[in-house]
Every structure is written in C-alpha cells, then in structure tokens.
Amino acid sequence: MDSRTYAALVIPANNAEPIRMDQVGADLPALEALVDGPLESVIRGDWHVYLNAESAAMLLPVNFRAGQLMHECGLDLDGIRGTAVFLGRGEHGAEADIPEHLPRLAEELFGAPLAA
C-alpha cells in the first residue's frame, strides 16, 4: 500500500448515509478507519473492495447496497457488512482510481447521483 490518494466509491451500510465518491489514502490506517477495523479485500477484475474482516463478529449492519452492486457485477457474497470501499486495480495489483463503470452502475441501481 502507498500514501497516495485514489478516487474510491464508498458505500456505507447505513442506508441513510449517501453513497459517495471520495479521495482515499491507500495506506493501511486510512483504509482501516473507513471500514472501522481490520481489512479484507475481495478482488474482481479491474476493481476490488475493502471490507471489515471482523464485521460478523462485530455485528456491523448488513450492507445491502454494496451486496447489490457486487451482485450486478457477477460477484455473489452473502452477508456483506459495514462500510465497503471500492478501488480500482492497477498493474501488478496496485491501487488505482475506481473504474468509471462502477460509479455509473451505482447511480443507476440506487437512482441518485453520488455525493462528492
């Protein structure tokens, strides 16, 4: 991980909080702060998502919106919990800005422009 920032799609588990595009640091402390705990990563093609590795034990709320977005991208995981942080994948698995198709799909699915 590095200290640069990248455009990320952040989907809070709380439906009252807006889905947003954000510049996030790709260092461990910054990402752990966003997901509220230790990281786990799920990789899918040109993107990956960071989740809280202990979300079930911590009883974090289910993140239906992140689960639906992943399902639309062909990835079915049960019980996505807590905040999900989507980033792009660069060469050799390096961090990169979120691919444009994911924010567009999120806007289509959830019927609202993303918060900045």
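When nucleic acids and ligands are ignored and a 1.4 Å probe is applied, Ile80 ends up with an accessible area of around 10 Å².
Rounded to the nearest 5, what % of DSSP beta bridges with both residues in the chain are antiparallel?
On the way: 22 of 23 bridges.
If we restrict to bridges inside the chain, about 95 percent are antiparallel.
Spatially, the range 1-76 and the range 77-103 are offset by 7 Å when compared through their Cα centroids.
The Cα trace of the range 1-53 gives Rg and Dmax of 11.1, 31 Å, the first to one decimal, the second as a whole number.
Excluding ligands, DNA and RNA, what is the solvent-accessible area per residue of the chain at a probe of 1.4 Å, expressed in Å²? It would help to have the intermediate numbers written out before the result.
Values: 6070 Å² over 116 residues.
In whole numbers, the chain has 52 Å² accessible per residue.
Taking amide H as placed 1.01 Å from N in the peptide plane, the amide H of Ala84 sits under 5 Å from that of Ile11, Ala13, each at least 5 places away or on another chain. Considering only Gln68, Gly45, Asn15, and ranking their Cα positions along the charge dipole of the chain that arises from unit charges at the beta-carbon of Lys, Arg, Asp and Glu, the one farthest toward the positive end is Asn15. In a reduced charge model with +1 at each Lys and Arg Cβ and -1 at each Asp and Glu Cβ, the chain shows a dipole moment near 180 debye about its Cα centre.
Dimensions of the chain from C-alpha coordinates, computed as largest minus smallest value along each principal axis and given longest first, are 32, 30, 26 Å.
What number, in percent, do you get for the relative contact order of the range 21-116 if the mean sequence gap of Cα pairs under 8 Å and at least 6 apart is divided by its residue count? Rounded, it is 26 percent for the range 21-116. Within the shell defined by Cβ-Cβ distances under 9 Å, the residues around Ala7 carry a net charge of -2, with Lys and Arg each +1 and Asp and Glu each -1. Taking only protein heavy atoms and a 1.4 Å probe, the accessible area of the chain is 51% carbon and sulfur.
The values are calculated or read from the model by the stated rules, or taken from the named source; none is laboratory data. Only a predicted model underlies this, so the values are computations on that prediction, with no experimental measurement involved. Backbone-built Cβ (ideal geometry, glycine too); neighbour counts: all protein chains shown. The accessibility values were calculated without ligands, DNA or RNA, using every heavy atom of the protein model including side chains. Shrake-Rupley method; radii C 1.70, N 1.55, O 1.52, S 1.80 Å.
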